[in-house]
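The numbers here are math on the coordinates, done by the rules we state, and not lab data. Small disclaimer: the values here were computed from a predicted structure and weren't measured. Don't worry about glycine lacking a Cβ; one is built from the backbone with ideal geometry, like all the others, and counts go over all protein chains shown.
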Amino acid sequence: MIQAETDKIKRLPKKERLKFFREQQAKQRQSQQRKGLIVKAVIVLAAVATIIFFGYLVVNSSPSGQNVSSSNMTSLGNLKLGDQAPDFTLPATNGSTVSLSQYKGKNVLLYFQEGVMCQPCWKQIGTMQKNSDKFKAVETEVIAIGVDTTADWGPILRAEGITTIPVLVDFDRKVSKAYGVLSLPSQMHSDRPGHTFVLVDKNGKIAWIADYPTMRSTEQEILDYIKKALGGDS
C-alpha cells in the first residue's frame, strides 16, 4: 500500500509533486504546533493544580485563629499564656518515669515532636543535646515528648548521642491532647504532634508557645525566645 502511494506520487507532474510536498510539510508543522500547544496546556494545568493543592493544604492545616508560622502564640488548645501547665507522668526511653511536677522550681521546655518518622524532629533533639550547656545557662531543662516506643527510638538516640534529654513516650496521646498539640499547622499526621514548643516557667506557668510548620528552628532562636519570655527570672 505504501509503495503504491509512493509510485503514484512519483508519476505526478513536477509542479503537482512540489505542491503535494508543500502541503505535507504544512500539515506536519500544524501537527507539531498542535502538539506543542497541548504540552503547554498540560504544563499550565499541572502548575495550576499544584498551586490549588498547596493552597488547600495551607488553608485546611491552619486552625482558626492560629498563625501558620507562629513563634509567639498566645494560646494552645484550651491553654493560654500564664495558665498553669497540666501535670503529667510518662515513661522515658531510658527506662525511667518522668513527671512535670518533679521539675518544680525549674524552667522546662517541652518539645512535642512527630518522632522517629521525622528526621528534622530528632535532629532538633540532637542539636539541643549538643547545646545543652546553653539551655543550662538560661536555667531551662529540655524534655522531648512523642508517641513512638522505646524500641523505635533506640537506634536514633544512639546515633544522635542523645543521653541527657529525656525522650518521653506519650503512646495514648493523653498529654498531647491536654496540651492541644494535635491540631496545629506543623502536624503531618493528625495522631502525632508536629513541631511545637511549650515553655513552662519555675512557677509551673506557661511562658512561651511556638509551632514550626517548617519543622526547623535554630537553637539560638529558641534560646532568644526563652530569654525574652522569662525576662529577669532566668
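Remarks
- Links that overshoot a 23 Å alpha carbon limit, given the list Lys130/Lys174; Lys174/Lys227; Lys202/Lys228; Lys136/Lys177; Lys80/Lys227; Lys134/Lys174: Lys130/Lys174; Lys174/Lys227; Lys136/Lys177; Lys134/Lys174
- Extended-chain gain in nm, criterion 0.36 nm per residue less alpha-carbon gap, Thr214 and Ala159: 17.5 nm
- Karplus-derived 3J(HN,Hα) values for the range 103-110, using 6.51 cos²θ - 1.76 cosθ + 1.60 with θ = phi - 60°, are 9, 3, x, 10, 7, 10, 9, 8 Hz; glycine and proline are entered as x.
- Which of Gly180, Thr196, Pro166, positive extreme of dipole for the range 131-207 (C-beta unit charges): Gly180
- Each other residue within a Cβ distance under 10 Å of Ala178 adds +1 if Lys or Arg and -1 if Asp or Glu, for a net charge of +1.
- Label reach from Lys177 (point 7 Å along Cα→C-beta): in the range 194-211, amide nitrogens under 17 Å belong to 194.
- Inter-site label distance for Thr74 and Lys134 at 7 Å from Cα along Cβ, in nm: 3.0
- Cα shape, the range 75-233, gyration tensor, a/c 1.5 rule: rounded
- Converting phi to 3J(HN,Hα) with the Karplus coefficients 6.51, -1.76 and 1.60 and the offset θ = phi - 60°, the range 124-140 yields 4, 4, x, 6, 5, 5, 5, 9, 4, 5, 6, 6, 5, 5, 9, 6, 10 Hz in sequence order, with x at every glycine or proline.
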